[in-house]
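The values are calculated or read from the model by the stated rules, or taken from the named source; none is laboratory data. This structure is a prediction, so every number in the text was calculated from the model and none was measured. Positions of Cβ are backbone-derived with ideal geometry, glycine not excepted, and every protein chain shown enters the neighbour counts.
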Amino acid sequence: MNSRVAAVVLAGLSVLSTEAVGADDPKGLLDQGINQFNLGQFRRAERTLLQALHRARVPTRVASIQLYLGQLYVVQGRTSKAEIAFREALTHNPLLRLDPGQTKTTILEVFNRSRAGLTGELAVTASQEGAQLALDGASAGPLPYKAKVPIGEHGVVVTLPDGLYDDFKTKVVVYAGKTHIVHAKLRAHSGKVKLTSQPSGARVFLGKTELGTTPIEEVVLPTGEHRIHFRLKGHRSHTEVIRVAGGVTSTVSVRLAAVPAAVERPRLTEAPRRRTSGARLAAWITGGAALAAAGVGVGMGFWTRRTFQELEEAGESGDVQRYQDLKDTGPRQQLVTNVFWATAGALAVTATLLYFLGDRPEPNVAVKPGGPGMLSVEF
């Protein structure tokens with residue numbers, strides 16, 4: 001019996017010491033009130049929590065105190081006061097949640113009913129016209145948007161259907177009775193280009209990718225500089241360097257120059273063709289042969305002269321046999337020498353004729369129709 005009394009006294013002293021420590025501190029009072037609530041001391045817990053609420057200035061602290069007051073009132077069966085406390089808590093902090101696994105069902109029901117009755121206003125605009133809003137994953141229509149929404153966190157996504165701008169994504173917290181404003185500043189990543197050519201029908205390429213045939217009313221290109229190639233049969237290819245601005249539609253028009261048609265010139269206007277290769281080559285070969293023949297002729301001349309000198313010496317010395325041999329040889333050598341000289345002269349003349357006369361142009365001859373049943377030939 002004495003031990004039970006001692007335990008109660010110690011518990012009372014512990015509570016008193018806690019109250020003394022946190023008497024002026026909202027957080028200390030909140031912790032004390034939670035401890036009293038857990039011990040089942042509901043009246044003491046209510047007084048302590050109300051004292052903490054009176055001293056609290058930070059919205060999140062006020063929300064926590066009101067949240068525990070609401071739970072206390074539900075346990076006491078004071079539902080209307082519980083709803084008021086829960087609404088006050090959610091007004092200061094719309095992100096408050098109760099853990100379903102650690103909270104009684106009756107408390108959860110009152111808390112969720114209190115939350116359902118609280119709304120705030122959300123207003124969304126965009127920097128570009130035609131933007132669409134998706135709220136918490138569901139389409140909310142075109143912007144501007146302004147409507148009441150449940151308190152708490154919401155996902156906002158702003159898009160433009162033309163695909164030229166990056167999506168704008170953010171999360172917002174809507175407070176009860178207040179308006180939350182979101183302005184989506186969209187950033188362009190592409191632009192539109194209209195492509196035309198004179199004449200039309202040109203194929204248009206961006207690198208190796210064919211964009212189509214002019215006129216092209218609209219093509220979406222990334223922002224920045226691009227080289228566009230125009231190709232049309234019978235016309236010179238054209239390359240145009242363009243700069244695409246984000247979210248802007250620009251026009252590019254080029255004039256393609258026609259390629260002149262090939263003109264077949266009549267034979268009378270053709271440059272005369274010269275027979276130079278064969279005639280000149282033959283002239284050089286013939287000239288070389290003439291020089292060779294002349295060289296042999298010179299050699300034979302010296303040899304013949306020597307033979308006649310030996311013939312004269314044999315006559316003076318009385319060498320009859322030697323004289324008879326040389327008497328027939330000398331004339332023959334003289335004849336051969338003359339033949340080589342004659343050949344060299346003939347070849348030299350031929351080479352000269354081939355060199356100069358073989359370079360003449362071929363005559364240009366044109367055959368044209370004359371009178372009835374006749375042809376005319378022009379040189």
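Remarks
- Those residues of the stretch 29-50 which are among the charged types (D, E, K, R) and within 19 Å of Gln102 (Cα to Cα), in sequence order: Asp31
- Test: Gly278 is outside any loop (DSSP other than H, G, I, E, B), at pLDDT below 75 and surrounded by fewer than 16 Cβ atoms within 10 Å (Cβ to Cβ): yes
- Leading residue by the ranking (surrounded by the fewest Cβ atoms within 10 Å (Cβ to Cβ)) among those in the stretch 207-225 that are out of contact with any Lys or Arg (no Cβ under 9 Å at 6 or more places or on another chain) and part of a strand (DSSP E or B): Thr209
- A count restricted to the stretch 183-206 and to residues that are under 21 Å from the mean Cα position of the chain (by Cα), over 30 Å from Leu122 (Cβ atoms) and either free of Cβ contacts under 8 Å to residues at least 12 places away in the same chain or buried (at least 16 other Cβ atoms within 10 Å of the Cβ) (or both) stands at 7.
- Restricted to the stretch 165-174, and to residues there that are surrounded by 20 or more Cβ atoms within 10 Å (Cβ to Cβ) and either closer than 30 Å to Leu211 by Cβ or hydroxyl-bearing (Ser, Thr, Tyr) (or both), the residue that is modelled with the highest pLDDT is Phe168.
- Candidate set: the stretch 320-343, residues that are of a type in the set (A, V, I, L, M, F, W, C) and either outside any helix (DSSP H, G or I) or modelled with pLDDT of 75 or more (or both); chosen: the one surrounded by the most Cβ atoms within 10 Å (Cβ to Cβ): Phe340
- For Gly155, the criteria (1) small (Gly, Ala, Ser); (2) farther than 13 Å from Ala134 by Cα; (3) surrounded by fewer than 16 Cβ atoms within 10 Å (Cβ to Cβ) hold in every case but one, which is (2).
- Count of residues meeting criterion [surrounded by fewer than 23 Cβ atoms within 10 Å (Cβ to Cβ), under 60 Å from the mean Cα position of the chain (by Cα), in a helix (DSSP H, G or I) and of a type in the set (A, V, I, L, M)] in the stretch 46-66: 2
- Residue count, the stretch 70-112 (criterion: of a type in the set (Phe, Trp, Tyr) and under 19 Å from Leu50 (Cβ atoms)): 2
- Restricting attention to the stretch 75-129, the residues that are assigned to a helix (DSSP H, G or I) and of a type in the set (Asp, Glu) add up to 3.
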